[in-house]
Structures are given as structure tokens and as C-alpha cells.
Amino acid sequence: MSNVSTLSASARDRVGKGSARAARREGLVPAVIYGDKKDPFSIVVNQRELDKLLKPGFFSHLIDIEVDGQKHRVLPRDLQQHPVTDRALHVDFLRVSATSELTVEIPVEFINDETCRGLRRGGVLNVVRHEIELYCRADAIPEKIVVDLAGLDIGDSLHISAVKLPDGVRPTIDRDFTIATIAAPTLVSEEAADAQAESQAEEEEEEEEE
């Protein structure tokens with residue numbers, strides 16, 4: 001289960017662009033809490049406190065937001081950021097209960113690369129999915145999905161069926177999809193060259209159209 005972070009907030013009486021800009025000038029980030037069959041309400045959170053939580057896995061970590069002495073357990077659902085500075089401009093938080101079933105994207109961590117036969121022979125790990133979308137309860141969100149590379153050789157593929165998921169956790173995709181492959185170096189180079197050639201061809205077509 002993922003750790004639960006805490007975040008203090010204040011209710012925001014006024015909404016709108018003018019109010020939001022004023023809040024940001026004071027080092028605050030406008031946000032909204034919604035869901036769980038309750039009315040949504042607007043809040044502001046401290047920019048620096050929020051920045052500490054903005055790291056990989058932000059959208060799969062539970063947060064207890066305290067507003068006027070009342071705690072709301074939420075899951076981040078949307079984050080608007082400045083296109084240049086990446087500063088947080090607005091956040092949407094979804095209320096959850098322990099039994100709420102959610103759709104979350106969980107990062108993949110690969111282990112035992114030093115004992116992977118294919119990598120030791122010069123193969124390259126070709127990651128197809130850096131994150132896996134899962135169904136799980138709010139109180140059982142895993143921190144990460146661990147994928148073991150031990151025993152894989154060049155040409156081997158690793159599918160979701162080979163990964164042991166926590167109890168009550170299941171993929172949103174029904175088929176046995178590929179997470180990663182161990183590719184030969186020449187194959188990876190050829191694929192990269194093909195992708196580059198295709199990109200250049202598309203750019204040339206766009207220039208001709210202009």
C-alpha cells in the first residue's frame with residue numbers, strides 16, 4: 001500500500017480567474033475536492049508544500065488534506081502546470097474511501113538486471129510500459145510493480161501474466177500484454193533508424209504542404 005501524505009489547505013470563498021491569480025501571487029495554488037457523492041468545494045494549498053509531493057507517482061499516492069480541522073482523504077486526478085516554469089496552477093483531488101475502487105497508473109521497477117542473461121550478452125532492455133494501469137481499492141494502491149529480469153535472454157518478452165500482483169489488484173487490460181523485451185543491439189538500432197526516417201519523412205511532407 002502506498003504511504004499517505006498530508007497537506008494543509010484553506011477554503012476558498014471566491015472562485016474565478018481573478019481570485020486564482022491573487023492566490024498564486026500569495027504563493028498558494030487553487031484546487032478543488034470532489035467526488036464520493038458529496039458537493040465539491042474549492043480550496044487553496046501552499047505552493048511549497050505541494051511541490052514536495054510533485055514527484056513520480058503523484059497521481060497514485062493518497063493524500064490527507066486538512067481543511068478547517070477536517071481531514072479529506074483524496075487522490076490527485078488532474079494537475080494544470082505553467083507551460084514554461086512547470087509551476088502548479090490548479091489541482092483536482094478526488095475524495096476516496098477505503099473501499100473505493102480506482103483506476104491508477106503504477107510505475108514499473110525492473111530488478112535483477114545484473115543477473116539477466118540477455119543483458120549480460122549485450123542485449124538491450126526495451127521497455128514497452130513504464131507504467132501499468134490497474135484497478136485497485138484506495139487502501140491497497142501499490143507503490144510500484146516489481147518486474148524480475150532474472151533468467152531472460154535475448155529475444156525474450158516479459159508479459160503481465162509473469163508478474164505477481166497484490167491481492168485485489170488487476171490490470172485494466174484483459175489481454176496478456178507485453179511489459180518489456182530483451183532485444184538484440186542491432187534490432188534496437190534498426191528500430192531507432194526506422195523511427196527517425198519516418199519522422200523525417202513526415203517533416204518533409206509538412207514542409208511541402210506549407
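The values are calculated or read from the model by the stated rules, or taken from the named source; none is laboratory data. As the structure is a computational prediction, the values presented were derived from the model and not from experiment. Because the Cβ atoms are built from the backbone with ideal geometry, glycine has one as well, and the counts that use them run over all protein chains shown. Calculation scope for accessible area: heavy atoms of the full protein, side chains included, ligands and nucleic acids excluded. Shrake-Rupley method; radii C 1.70, N 1.55, O 1.52, S 1.80 Å.
Gain in length, Arg117 to Lys38, computed as 0.36 nm per residue apart minus the alpha-carbon separation, to one decimal in nm?
Value of the extension gain: 23.1 nm.
Find the relative contact order for the chain and round it to a whole percent, using C-alpha pairs within less than 8 Å whose residues are 6+ positions apart.
18 percent
Would you mind counting up the charge near Leu62? Only other residues with Cβ under 9 Å from its Cβ, with Lys and Arg at +1 and Asp and Glu at -1.
Neighbour charge sum, excluding Leu62 itself: -1.
For the stretch 1-135, what % of the accessible area comes from carbon and sulfur atoms, probe 1.4 Å?
45 percent
For Arg175, Arg77, Arg120, what's the largest-to-smallest order of accessible area, 1.4 Å probe?
Arg120, Arg175, Arg77
In Å and whole numbers, how far do the C-alpha atoms of the chain stretch along each principal axis, longest first?
Projected onto the principal axes, the Cα atoms of the chain cover 61, 55, 29 Å.
Taking 0.36 nm per intervening residue step and subtracting the Cα-Cα distance, what contour gain separates Arg170 from Val146 on full extension?
Contour length minus the Cα-Cα distance gives 7.2 nm.
Once you've got the Cα coordinates, tell me which of Lys17/Lys37; Lys55/Lys164; Lys17/Lys71; Lys55/Lys144 are over 19 Å apart.
Lys17/Lys37; Lys55/Lys164; Lys17/Lys71
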